[in-house]
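Engineer: Have a look at this one.
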Amino acid sequence: MKRRILSMIFAVTVITITAITGCSKEKEIDSKNDNNDLVSKEDNQQIEENNEKTPSENENDSITIGFSIAGSFDNKKMMIDSISDTFTEEGGYTLFTEDSGENEEQQFTTIREFMKKDMDYMIIAPLGESKEWETVLEEAKQAEIPVILVGNKIEVEDNQLYTAWIGSDYFQEGYDAGDWLEEYLKQKGHNNEEEVQIVMVRDSIDSMAIKGRFEGFLEQKQIAKQDHWNIFDDQKELQEQEKEDAVLGISIEKVQELLEQEEKIDAIICGNDQIAFEVLQFLDKTEKTYGADGEIAVISFGASKEGLEFVRDGKINVEIEQNISYGSYVEDVVKRLRTGDEIDKIQYVMEDIFTKENVEEKLTSMETP
């Protein structure tokens, strides 16, 4: 079908200019792969403007898209709905969605099935960092199907095996958390000489998201010269280890120990919402106060509906959003490919910060059909 559409367009052009018919086409993908450029947050306005255009103008056939998603994570339904609501039949698309759960091999099988169906484009939300991605993406390249990655990043030797990656800037999320905490402590009357005890809590999996968030937080701490911020890790040392593979943060179990020991804690930074919910359960078993009116500030990442409800109720001070509504961003890439425009290789989505002051509006928008 791709070849029919492009051949018709090319033939009309040649007839207009030279009255010659019977030409053939060669499929090309124009992207700034070598430059590895980033999309700034200001550029996202252009994405919205581009998406006002009709994707299948002057075309009779719909654009076929295969969407493969895997993993178990907060707001997964939001990601699926965003893609489904964007690539509709009314918009000129035919979308095939397959959820492989926690089975990476099943995801590879799904992607190969999409290739057999000769999809025009594939959207892939990878489960992890398997070495097999190099092989799978090479097969997609041979099939001349552009691949748009969303969510998790994957490392491949040849970054031209995919057209673009769209997702969160985890480092910036952590940096934003540090900015918020700095301002919060000022409002609480802390000075730059008073020691602040901070706990960063990870889960059992050393995920890319949590690692990036904690690294961003520590970078903000260093730039802001907050030397009096004492960060607990499993050895109760500051995060000044020279090992590049040092694991940041402490485990859920260690948090429970700290609370039972009645350690002074000023802030708990939870790597994601699921961690935050477990931490709140531990806090409820103590006499410590926490949240908007408490002695312990609770910071979380993700901005799931439940997490935002805890912000509204004053149990979590702030939620740093992980925006996984990728639909409009992916559609912008598809449209640029079809018009021959340049494609930014790495594209960060817009993300917000939610406190009691603005959370109600966000919750209302999530409930609006």
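The values are calculated or read from the model by the stated rules, or taken from the named source; none is laboratory data. If you're wondering where the values come from, they're calculated on a predicted model, not measured in any experiment. Using ideal geometry, Cβ is built from the backbone for each residue, glycine included, and neighbour counts are taken over all protein chains shown. Heavy atoms of the whole protein, side chains included, go into the accessibility calculation; ligands, DNA and RNA do not. Shrake-Rupley method; radii C 1.70, N 1.55, O 1.52, S 1.80 Å.
Engineer: How long is the gain from E309 to T364 if the chain were fully straight, where each residue apart is worth 0.36 nm and the alpha carbon distance is subtracted?
Structural biologist: Fully extending the segment from E309 to T364 adds 18.7 nm.
Engineer: Solvent-accessible area per residue for the range 249-365 at a 1.4 Å probe radius, Å²?
Structural biologist: 40
Engineer: Among V201, S300, G216, whose Cα lies farthest out toward the positive end of the dipole of the range 147-305, if unit charges sit on the beta carbon of Lys, Arg (+1) and Asp, Glu (-1)?
Structural biologist: Going by the charge dipole, the pick is S300.
Engineer: To the nearest 20 debye, what charge dipole does the range 251-311 have about its Cα centre, counting +1 at the Cβ of each Lys and Arg and -1 at the Cβ of each Asp and Glu?
Structural biologist: For this selection, approximately 160 debye.
Engineer: Nearest 0.05, what FRET efficiency do K356 and A143 give at R0 = 56 Å with Cβ-Cβ as r?
Structural biologist: Efficiency, rounded to the nearest 0.05: 0.65.
Engineer: At a Förster distance of 41 Å, what's the computed FRET efficiency of K285 paired with T135, Cβ-Cβ distance as r, to 0.05?
Structural biologist: Computed FRET efficiency for K285 and T135: 0.25.
Engineer: While we're looking at this one, here's another question. Could you compute how much accessible surface S204 exposes when probed at 1.4 Å, giving the result in Å² to the nearest 10?
Structural biologist: Around 120 Å² of this residue is reachable by solvent.
Engineer: Shifting gears a bit: Can you work out the FRET efficiency for the pair D99 and S328, with r the C-beta to C-beta distance and R0 = 25 Å, to the nearest 0.05?
Structural biologist: The calculated FRET efficiency here is 0.75.
Engineer: Tell me, how many Å apart are the Cα centres for the range 109-167 and for the range 272-288?
Structural biologist: 38
Engineer: For the peptides 63-70, 131-138, 262-269, 287-294, what is the packing order when you average, over each peptide's residues, the other Cβ atoms within 10 Å and list the highest mean first?
Structural biologist: Peptide ranking by packing, descending: 63-70, 262-269, 131-138, 287-294.
Engineer: I've got another one for you. Can you pull the percent of the range 261-302's accessible area that's carbon plus sulfur, 1.4 Å probe, other chains left in place?
Structural biologist: 39
Engineer: Now for a different question. Under a 1.4 Å probe, what is the accessible area of the range 112-228 per residue, stated in Å²?
Structural biologist: On a per-residue basis, 46 Å².
Engineer: Okay, next question. Can you compute the charge dipole magnitude of the range 100-249 about its Cα centre, using +1 on each Lys and Arg Cβ and -1 on each Asp and Glu Cβ, nothing else charged? Give it in debye, rounded to the nearest 20.
Structural biologist: Computed charge dipole of the range 100-249: roughly 400 debye.
Engineer: Could you list which residues have their amide H under 5 Å from that of N103, counting only those 5 or more apart in sequence or on another chain, with H placed in the peptide plane?
Structural biologist: G71
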